[in-house]
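*Asks:* Right, I'll just put the structure down here and ask away after.
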Number of protein chains: 2
Amino acid sequence: MTHPFDGAMALQPAGANTWQGLVPDSYQNMVGPFGGVIAAWPVAAVMRDERRVGTPVSQTVHYAAALQPGAFSLMLMPERTSRSTQHWRFAITQEATSADGPTIFGSLMTAARRDTWSAEDLPMPADAPPPEAVAQQHRNSPFEWFNRYEWRMFEGLMPSAWDGAQRGDSRTALWVRDVPPRPMDFASLAAQCDLFYPRVFARRAERVPVGTVSMTSYFHADEADLAATGADYVMGQCIGQVFRRGYFDQTACLWNRAGRVLATTQQLVYFKS
Amino acid sequence: MTHPFDGAMALQPAGANTWQGLVPDSYQNMVGPFGGVIAAWPVAAVMRDERRVGTPVSQTVHYAAALQPGAFSLMLMPERTSRSTQHWRFAITQEATSADGPTIFGSLMTAARRDTWSAEDLPMPADAPPPEAVAQQHRNSPFEWFNRYEWRMFEGLMPSAWDGAQRGDSRTALWVRDVPPRPMDFASLAAQCDLFYPRVFARRAERVPVGTVSMTSYFHADEADLAATGADYVMGQCIGQVFRRGYFDQTACLWNRAGRVLATTQQLVYFKS
């Protein structure tokens, strides 16, 4: 059996700098697929690109328009390469809308990592319970992507009533893993950077139209960190920062159970109210 | 007299999607110009582009190679435009190195802002002194860009001795403005997102090679916020997050004196040790 995430990452090489893919039903969200799966495509492609230097260290994705069901084309090319670093550019287009420009585009960077002095100044919250002590949110969501993850939120769950109530902060903390469990790789790490529901819902229980417009993730994990994480739960924490005139930003961190930061990530989100 | 920042922003239109500029001596850093001025060029250009929809809300800059003295070419084009949002791509090339690809490239987004519910969850630190109560750092720096700003750091100054001493955190807090004072615009805001010296120096007093490889800024300010800020000081605070295997990330916020967030920003920085 192919894991759903691997199914979603099934890109076919289609000539120089080009891959072909299919928007998967298995990660469908309200409008188009889960943004994390979209972010994962260029990362999955770069991992298969034989020109690649090192491993992913950063990525920015612009969500410029909604992806339609069906086929898409992913352009991925190195813009500038040095001995130990490489900067890439990517764009996702679909035939019916290609005259309007890419629906998704952005940049990523790969780099050869070398041992250096290190400091981890973003510790996992000391009072975080172990994943086994947190009740699983049992849901059969109409949004398929939600069912692809096992959720153990222990702070800042989605509002249970949309009554406009405000909370003093927008923090969510959770343990999460793929369903079924799957050893983490750079593509699934890129996807999991987008696991946090829009902070405007955490801060104020009112349903309003939202959409991520740009997401930037820094991958602090190297291949050894991913191997040490395996298919275990990762802990995530997310907060909103500034909500103003139609846009807000949220920032998050992912740790493995040993407290090792795997990624830090931030996104700018459109909202209407 | 032209203000040095306006001098640095003097871009000449040079055909479709293209601007010509000159690397200014006035903002020279250790290797090439101050990264903030580099980030400001595409923002300055987009503000002069008659196709623009709205004002800048986000930007990502990849610093892929060092900019050489002399002329450069800036490509800036809209990738995707809707009624109220626009996603742009840019690249800076220089003739002598153009075969290697752009030295700088990235993306930005502009958007028409509309009034909405708002929340400001990133308050200015309550114990921040007013700028007039903070001693100015008098320096005649060999790095010209440093002399283009008036610095009033009140926490986390650059180490005065490079003795390898470690601090428990990497926080810097400061008031800053252009020299001479200049009313803030989106270009100077983009530049000021890069005012914070590399956190590896704040955390450990050891001179090591460093260089920002990617910076992402979210501009929460609209034109009214910039007008209200004027040429006054802005307060900035910056911390480092994870320092590991040759890269670290740092995150910062800029407020005006009224405590209004103007921008949040983060960057990934290469270091060697």
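*Asks:* Dipole magnitude of the stretch B:44-112 about its Cα centre, charges +1 at Lys/Arg Cβ and -1 at Asp/Glu Cβ only, in debye to the nearest 20? Don't skip to the answer; put the middle values down first.
*Replies:* Working: 6 positive and 5 negative charges, 70 e Å.
Magnitude of the dipole: close to 340 debye.
*Asks:* Sort largest first and round to whole Å: the equivalent ellipsoid semi-axes of the stretch B:50-128, each the square root of five times a Cα gyration tensor eigenvalue.
*Replies:* Numbers: eigenvalues 204, 82, 16 Å².
Square roots of five times the eigenvalues give 32, 20, 9 Å.
*Asks:* Here is a further query. Please label the shape of the protein assembly as shown as rounded, prolate or oblate, based on the square roots a ≥ b ≥ c of the eigenvalues of the alpha-carbon gyration tensor (a/c under 1.5 means rounded; beyond that, a/b larger than b/c means prolate, else oblate). Before the final figure, lay out the partial values.
*Replies:* Details: a/c = 1.40, a/b = 1.27, b/c = 1.10.
Cα axes put the protein assembly as shown in the rounded bin.
*Asks:* For the stretch B:41-93, taking Cα atoms only, what is the radius of gyration to one decimal and the Dmax to the nearest whole Å?
*Replies:* 12.3, 39
*Asks:* Still on this model: Rank these for me by crowding, A:Thr18, B:Thr103, going from fewest to most other beta carbons within 10 Å.
*Replies:* In increasing order of surrounding Cβ atoms, one gets A:Thr18, B:Thr103.
*Asks:* Put a label point 7 Å from Cα along the Cβ direction on A:Pro209, then list its distances to the equivalent points in the other copies in nm, shortest first.
*Replies:* 5.0
*Asks:* Next question, about the same structure. Could you give the distance between the Cα centres of the stretch B:88-122 and the stretch B:182-215, to the whole Å?
*Replies:* Result: 17 Å between the Cα centres.
*Asks:* From Cα pairs below 8 angstrom and at least 6 apart in sequence, can you work out the relative contact order of chain A, rounded to a whole percent? Don't jump to the answer; show the numbers that get you there.
*Replies:* On the way: 599 pairs, mean separation 49.6, N = 273.
It comes to 18 percent, rounded to a whole number.
*Asks:* If contacts are Cα pairs under 8 angstrom and at least 6 residues apart, what is the relative contact order of the stretch B:89-158 in percent?
*Replies:* About 20 percent, as a whole number.
*Asks:* Give the separation of the Cα centroids, the stretch B:33-55 to the stretch A:52-83, in Å.
*Replies:* 23 Å
*Asks:* How far apart are the A:Pro142 label points across copies, placing each 7 Å from Cα toward Cβ, in nm, shortest first?
*Replies:* Computed spacing set for this position: 6.7 nm.
*Asks:* Evaluate the Kirkwood expression for the hydrodynamic radius of the stretch B:1-60, namely the inverse of the mean inverse distance over all pairs of different C-alpha atoms, and round to one decimal in Å.
*Replies:* 12.6 Å
*Asks:* Given the convex hull of the Cα atoms of chain B, what is a quarter of its surface area in nm²?
*Replies:* 15.4 nm²
*Asks:* Taking amide H atoms as placed 1.01 Å from N in the peptide plane, list the residues 5 or more away in sequence, or in a different chain, whose amide H sits under 5 Å from that of A:Ala14.
*Replies:* Result for A:Ala14 returns A:Trp19, A:Gln20.
*Asks:* For the stretch A:83-140, just say rounded, prolate or oblate: build the C-alpha gyration tensor, square-root its eigenvalues into a ≥ b ≥ c, call rounded for a/c under 1.5, and beyond that prolate if a/b exceeds b/c, oblate if not. Each step should come with its number before you reach the end.
*Replies:* Working: a/c = 4.28, a/b = 1.30, b/c = 3.28.
Cα axes put the stretch A:83-140 in the oblate bin.
*Asks:* Something else now. For peptide A:43-51, compute the average count of partner chain beta-carbon atoms within 10 Å of each residue's beta-carbon.
*Replies:* Other-chain Cβ atoms within 10 Å of each residue's Cβ, averaged: 0.
*Asks:* Quick check: pseudo-label points 7 Å beyond the Cα along Cα→Cβ at A:Val53 and A:Asn147, how many nm apart are they?
*Replies:* 4.5 nm
*Asks:* Count neighbours as other Cβ atoms within 10 Å of each site's Cβ, and list the chymotrypsin sites (Phe, Trp or Tyr not before Pro) in the stretch B:120-212 that are DSSP loop with at most 14 such neighbours.
*Replies:* Loop-located and lightly packed - B:Phe143, B:Trp162.
*Asks:* Same structure, new question: What size of dipole, in debye to the nearest 20, comes out for the protein assembly as shown about its Cα centre when the only charges are +1 on Lys and Arg C-beta atoms and -1 on Asp and Glu C-beta atoms?
*Replies:* Its charge dipole is roughly 20 debye.
*Asks:* Using a Gaussian network model of chain B with C-alpha springs under 10 Å, which one of B:Arg207, B:Arg171, B:Arg152 is most mobile by mean-square fluctuation?
*Replies:* Result: B:Arg207 has the largest fluctuation of those listed.
*Asks:* Per 10 Å bin from zero, what fraction in whole % of the C-alpha pairs of the stretch A:59-208 is there, up to the bin with the longest pair?
*Replies:* 8, 24, 32, 26, 9, 0
*Asks:* Let me ask another. Would you mind ranking A:Met184, A:Met158 so that the residue whose beta carbon has the fewest other beta carbons within 10 Å leads the list?
*Replies:* A:Met158, A:Met184
*Asks:* Given C-alpha coordinates of the stretch B:197-238, what is the ratio Rg to Rh with the Kirkwood estimate of Rh?
*Replies:* Reported Rg/Rh, Kirkwood definition of Rh: 1.13.
*Asks:* Quick one: order A:Val23, B:Val46, A:Val37 by neighbouring beta-carbon count within 10 Å, fewest to most.
*Replies:* The fewest-first ordering by Cβ neighbours comes to A:Val23, B:Val46, A:Val37.
*Asks:* Putting +1 on Lys and Arg Cβ atoms and -1 on Asp and Glu Cβ atoms, find which of A:Val213, A:Pro56, A:Asn256 reaches farthest to the positive end of the dipole of chain A.
*Replies:* The listed residue farthest towards the positive side: A:Val213.
*Asks:* Something else now. For label points placed 7 Å from Cα toward Cβ, what is the shortest-first list of nm distances from B:Arg83 to its copies?
*Replies:* Computed spacing set for this position: 5.5 nm.
*Asks:* OK, next. Given the DSSP H assignment, sum -39500 (n - 2.57) over each helix run of at least 4 residues in chain A and divide by its residue total; what's the result at 222 nm in deg cm²/dmol, nearest 500?
*Replies:* Value at 222 nm, helices only: -3500 deg cm²/dmol.
*Asks:* Report Rg/Rh for the stretch B:166-272, rounded to two decimals, where Rg is the Cα radius of gyration and Rh the Kirkwood radius.
*Replies:* When Rh is taken as the Kirkwood radius, the ratio is 1.00.
*Asks:* What relative contact order, as a whole-number percentage, does the stretch B:232-273 give when Cα pairs under 8 Å and 6 or more residues apart are counted?
*Replies:* Relative contact order here is 37 percent.
*Asks:* So, one more: At a Förster distance of 41 Å, what's the computed FRET efficiency of B:Leu157 paired with A:Ala224, Cβ-Cβ distance as r, to 0.05? Mind dumping the intermediate values first?
*Replies:* Details: r = 36 Å, r/R0 = 0.88.
Plugging the Cβ-Cβ distance into 1/(1 + (r/R0)^6) gives 0.70.
*Asks:* Let me spell out the model: positive unit charges on the Cβ of Lys and Arg, negative unit charges on the Cβ of Asp and Glu, origin at the Cα centre of the stretch A:60-199. What dipole size does that give, in debye rounded to 20?
*Replies:* Rounded to the nearest 20 debye, it is 280 debye.
All of the numbers you see were taken from the coordinates with simple rules; none came from a lab. Just so we're clear, the structure is a prediction, and the values are computed from it rather than from any experiment. Please note: Cβ atoms are built from the backbone with ideal geometry, for glycine as well, and neighbour counts cover all protein chains shown.
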